[in-house]
């Protein structure tokens, strides 16, 4: 691993945010599923890990507030990263996660490639599905956070909104949570772990760096751009140390198995999952 | 002679045994009720409303052909006991003349109503909200669950400080996807279909996208491998056969 040429892809902050959301998201998934399936033996068992129904609710609420705080910090971080003097370039260039017209073109090319009518698209730094991953979480967080906060204090909510709004909020909260879990456990996991060449694990979100040779195939435009701007040397780094790799493999696989177990449970208990 | 005595004796023992069985059987009690005698129930009602519906004060044997519109079935309204009360919206006892009421639990007849968070998660019994016998119809003028006093009489027992707004929370939610919910709870109906389309659309598109992608990548990989293997034996002759490395 250490004799490869590697370039930086994620800063230490990006990685910390990712680890943070992994831990909090899975905690919410476990406590939330335990509460959702409380009428089943599985749900009671899970909830008991947290000290019963009230315990699981407390954990769910506390971690929810932590997530909101993390999200606010993330927004501050993102706003601080934008170069406001040249905001237009900073927001819309290829290093930004803001969707561009090119993403739609790439999607079209990808579908063309799927049906065998053309070559696969050549990507720059962020592919359209990576951008979707980011923005899906970005909008999911406030939706779950706001509905969750309102449901946490139903009485206070009813002082400035009619009480029946709570019924609708529960529906939004559950549906969005189910969507988020299914998306992460099926699609995000497949792309990150089970694609050809990714197995057993796409390490870049933990290592922070990627192998130059591989990336030149995956994201040719990015590498070409770095070379053109003469910044390729600048972004080269050493690979992750061995102990660190062992750590994130254990951590990553714990998260993966937790998610797959929850997915399995959702399938087994599908008839008990109430949408509203 | 002997056989007759035997018969008489056995009938006697069977009767005694039957009486004994009566002791073993559980006492008949209204569903989930703590207070079981009819006298107490009558007192409860008197204390709770002090108000009598027309049919409650009618004599036992009613005059035929006299009906109470909307309450008694017009065709053969002999007595409130036998009368089939169709509209139970305004009754002091919603279960008046409902058959087999005493022998069953609430959920056996109202299965749908048990699907609410108070019951499934909060472990709240029906009676903690609906009260003791008799259970009034929701819209009965003196019902504790009548919307005019629901927040004060019921919800605030547990949710301290609840007001009329809070009490508009629908405890027994209708099925959000059902068509009639569009009339009874439109915002829930539309929210449900919006989220449904969002979930199905997002997952449908991306699952298909991922499946095709993974499948196609594996296919290209396999083909390359099969093309490379004969190359080891014979010299490479087809340079254009090299597929672009597809990701």
Which is modelled with pLDDT under 90 and either more than 29 Å from residue A:146 (Cβ to Cβ) or crowded, with 19+ Cβ neighbours inside 10 Å (or both), of A:252, A:230? A:230
Whether any residue in the range A:201-211 is out of contact with any strand residue (DSSP E or B) (no Cβ under 8 Å at 6 or more places or on another chain), under 13 Å from residue A:125 (Cβ atoms) and surrounded by 14 or more Cβ atoms within 10 Å (Cβ to Cβ) is what I want to check. no
I'm told residue A:206 meets every condition in (1) away from every other protein chain (no Cβ under 14 Å); (2) in a loop (DSSP other than H, G, I, E, B) except one. Can you identify the failing condition by its number? (2)
With the condition kept exactly as written, say whether any residue in the range B:189-200 is more than 7 Å from every other protein chain (Cβ to nearest Cβ), in a helix (DSSP H, G or I), without any contact (Cβ under 8 Å) to a residue 40 or more places away in the chain and exposed (fewer than 12 other Cβ atoms within 10 Å of the Cβ). yes
Residue check, residue A:238 over 30 Å from residue B:168 (Cα atoms), more than 14 Å from every other protein chain (Cβ to nearest Cβ), buried (at least 19 other Cβ atoms within 10 Å of the Cβ) and modelled with pLDDT under 90: no
Checking the structure you have, find out if any residue of the range B:143-154 is facing chain A (nearest Cβ under 10 Å) and either in contact with a helix residue (DSSP H, G or I) (Cβ under 9 Å, 6 or more places away or on another chain) or crowded, with 16+ Cβ neighbours inside 10 Å (or both). yes
Kindly state which helices (runs of 4 or more DSSP H) lie completely within the range A:49-138 and contain at least 3 residues that are surrounded by 16 or more Cβ atoms within 10 Å (Cβ to Cβ). A:52-81, A:101-114
Take the range A:162-175 and flag every residue that is in contact with a helix residue (DSSP H, G or I) (Cβ under 6 Å, 6 or more places away or on another chain) and more than 7 Å from every other protein chain (Cβ to nearest Cβ). A:169, A:173
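If the requirement is being crowded, with 19+ Cβ neighbours inside 10 Å, assigned to a helix (DSSP H, G or I), within 15 Å of the chain's Cα centre (by Cα) and at the interface with another protein chain (Cβ under 10 Å from one of its Cβ atoms), which of these qualifies: A:178, A:144?
Details: A:144 fails: at the interface with another protein chain (Cβ under 10 Å from one of its Cβ atoms).
Just a single option satisfies the conditions, and that option is A:178.
The values are calculated or read from the model by the stated rules, or taken from the named source; none is laboratory data. Note that the structure is a prediction, hence the values are computed from the model and not measured. FYI the Cβ positions are ideal-geometry reconstructions off the backbone, even for glycines, and counts take in every protein chain you see.
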